[in-house]
Amino acid sequence: MVALQETVERVRRIDVDQYRYGFETLIESEKAPKGLSEEIVKFISQKKNEPAWMLQWRLEAYRRWLTMTEPTWARVEYPKIDFQDIYYYAAPKPKKTVTSLDEIDPEILKTYDKLGIPLREVAALEGVEPPPGGEQTPNRKIAVDAVFDSVSVATTFKAELKRAGVIFMPISGAIREHPELVQKYLGSVVPTSDNFYATLNSAVFSDGSFVYVPPGVRCPMELSTYFRINERNTGQFERTLIIADKGSYVSYLEGCTAPQRDENQLHAAVVELVALDDAEIKYSTVQNWYPGNSEGKGGIYNFVTKRGHCRGDRSKISWTQVETGSAITWKYPSCILRGDNSSGEFYSIAISNGFQQVDSGTKMIHLGKNTSSRIISKGIAAGKSQNTYRGLVTAHRKATGARNFTACDSLLIGDKCGAHTVPYIEAKNSSATFEHEATTSKISEDVLFYCIQRGLSQEEAVGLVVNGFVKQVLQKLPMEFAVEAQKLISISLDGSVG
Amino acid sequence: MALLEIRDLHVGVEDREVIRGLDLNVHAGEVHAIMGPNGSGKSTLSHVIAGKPGYEVTDGQILFKGEDLLEMAPEERAAKGVFLAFQYPVEIAGVTTMNFLRAALNAQRKARDQQEFSTPEFLKRVREVAGSLNIRQDMLKRGVNVGFSGGEKKRNEILQMALFEPSLCILDEIDSGLDIDALRIVASGINGLRSPERAMIVITHYRRLLDHIVPDVVHVMSKGRIVKSGDKELALELEACGYGQFEDAA
Ligand SMILES: Nc1ncnc2c1ncn2[C@@H]1O[C@H](COP(=O)(O)OP(=O)(O)OP(=O)(O)O)[C@@H](O)[C@H]1O
Ligand SMILES: [Mg+2]
């Protein structure tokens, strides 16, 4: 049958090759020698001008890491990683000490331009009041911290944030300038001994973002970090620490891309969130690392530990993620609901195409009284990909009145992909109410043809159906990014059906 | 020139020949009824005209406005004016009817190099048509056909037909599942769309529909062929005598 044949053809040619951000920036960089040793850990610490306590912290993590083994419980398959064949530190070689954006290598600025991250334009407005009645309304401003390979290259809107008392800077800077905050909170949510990749990250992390919002302050703009891997054979190990002090609010977004390369690259980040009494943190991710080509060659291994601690009463942490990239994704943004009446949310869209493997989900750990959590996960599998939702919801003995609602829906496009749901539910307390719903459906040929008969193209039809499927989660993203995410979703699914 | 010209069409499904040498000419302004027993290939014919994947045309030709229809992608056929009201309209969760109508209409207009409708213009059009078909506004805010009754789904098909203004409308058992009042509403909606530029192919099992939508020609289809054509009286004859007399002819 001609039509069916064509369908099969197109599924086979699945186009993860259309990755738009796959270009490489030619700049000189400074690298530590390949491999990992105490020397390398010291080298990184030294490069960052770190205080002795920080080096000690790293070394302890490193020694711990040597005793650990890689986790194997996730439903992902990949050849063994040679941890001695990776560069643990690469930084764009500065021409001289950089004090303003004008001194940043223009090639890097061009890279962010191409990626649509407005470092220059936004920076030009720094410290300048918007003209009265001007187009630039303050609430649409987004402060950006750009991390290029291992180093933060620019942070915008610093001055304006400072006026509000918000600290938003590279974590390397925070270690030097705000050691009391970093020492108090770093590793307090994800301890250095947490898991293989988190421990590795603790030893070698090079940069990332640091945010502190003081008591009662509503952060005046969206904060955002943009991660870019450029160097070959380089691991990226960023570390993010966000602290929302009592009664404060902050919304944070991270985006990620990497050049198209044949070899796999490792990305093992750690993100820690701390919300004190009545504080709220919204953390959104649009993850679009290079997924590998149509034969499954190359792509990022995205092994990430993200955890939020609702430390205070009535605190709230909300994770929203749109995951479309990476060859392998292994991440479970979680909430520890320690404070009474605290709440955690996890909204996820995970799309896999080609040979991508996604094993993602969340953990909601109910410790305090009357804590609540909500999980909405939408997995879309196309091509030959595998997409697993793995979730854990537990209520501690003392967590009376814990409530959870979980809904995981999977959508399959074609018949060579797989979707799996692995929920673990554990209530040590009879007053807990946990609800779990799960569905798996397939985009049927009949639905597609119905749309196409009405004039939509194949791609538009898939896009429409998928958007309907993920709408509930998309609505949770900050407005500015919802549109981007929507576009990203249709790009990721291009060529997913014939 | 006929609007739709089908010559010696042969269609296979899963290695079985389901349409076996079918000829049909439909001119603009005409309404043709196709009647025939279950499994005679009526829906198959409508799917092949609309370009649904899964059918293999092994022989024959379909010309639409003088162009080779089988060469066109299904969405191209839609933009050129082929509309199929499905026997079994599907449900699309999460996509509101309003959004769906708008996406489809704009896709068609874009394909024809026409300007997209503005939002107020679009809303006005939809409200008008929906009103005339007794479709409540809140239905337009629900997912496409989600939770619609059988009759509501059929009315939704006519709503789309009215909105897209196609030149060839194929209505596959639009009367199934309709109560008497709904049948009247749907029929009057369809009659309102009859025009000298537009042709309709009405597939049905029941003469009752043809009392409302009076056809110019009635065809009897059996075993993948049109075995007899006549005027509207043929429908009466069929009702009286059944299909038995045509089985041999096929
Ligand atoms: N996808 C398919 N796979 C296998 N056989 C099919 C398929 N589609 C149609 N057929 C067969 O082709 C023949 C014609 O089917 P079709 O649906 O066109 O009949 P119909 O005239 O519309 O019948 P009804 O009056 O019941 O709607 C039937 O024998 C049916 O089983
Ligand atoms: Mg039929």
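Brief remarks on what is shown
- Multiplying the residue separation of B:Glu71 and B:Arg136 by 0.36 nm and subtracting their alpha-carbon distance yields 19.5 nm.
- Those residues of the range A:309-346 whose amide nitrogen sits under 14 Å from the label point placed on A:Ser188, 7 Å along Cα→Cβ: A:309-313, A:338-339
- Built from the Cα atoms of the range B:141-250, the convex hull projects on average onto 8.0 nm², one quarter of its surface area.
- In the range B:4-247, lysine pairs closer than 23 Å at Cα, eight or more apart or cross-chain: 25
- Ordered by the number of other Cβ atoms lying within 10 Å of each residue's own Cβ, fewest first, B:Ile34, B:Ile6 fall into the sequence B:Ile6, B:Ile34.
- Computed over the range B:86-146, the quotient of the alpha carbon radius of gyration and 2.2 N^0.38 Å is 1.17.
- What separates the Cα centres of the range B:1-38 and the range A:373-413 is a distance of 50 Å.
- Between A:Leu392 and A:Phe405, the simple spin-label model (points 7 angstrom out along Cα→Cβ) gives 2.5 nm.
- Close amide H pairs (under 5 Å, H built 1.01 Å from N) link A:Ser377 with A:Ser348, A:Ala407, A:Cys408, A:Asp409, residues at least 5 positions away or on another chain.
- Between the range A:463-477 and the range A:414-431, the alpha-carbon center distance in angstrom: 21
- Formal net charge of residues neighbouring B:Asp211 (Cβ-Cβ distance under 12 Å; K, R +1; D, E -1): +2
- Dividing the alpha-carbon radius of gyration of the range B:4-247 by the rule-of-thumb value 2.2 N^0.38 Å gives 1.00.
- Enclosed volume per residue, in Å³, of the convex hull spanned by Cα atoms of the range B:117-184: 96
- Cβ-based net charge around B:Glu157, under 15 Å, with every Lys or Arg adding one and every Asp or Glu removing one: -3
- Near A:Glu70, once Lys and Arg are set to +1 and Asp and Glu to -1 for all other residues with Cβ below 13 Å from its Cβ, the sum equals -1.
Since every read-out is calculated from the coordinates, none of them should be taken as a lab result. All figures in this text were calculated on a predicted structure; none of them were measured in a lab. Neighbour counts are summed over all protein chains in view; Cβ atoms, including those assigned to glycine, are modelled from backbone coordinates with ideal geometry.
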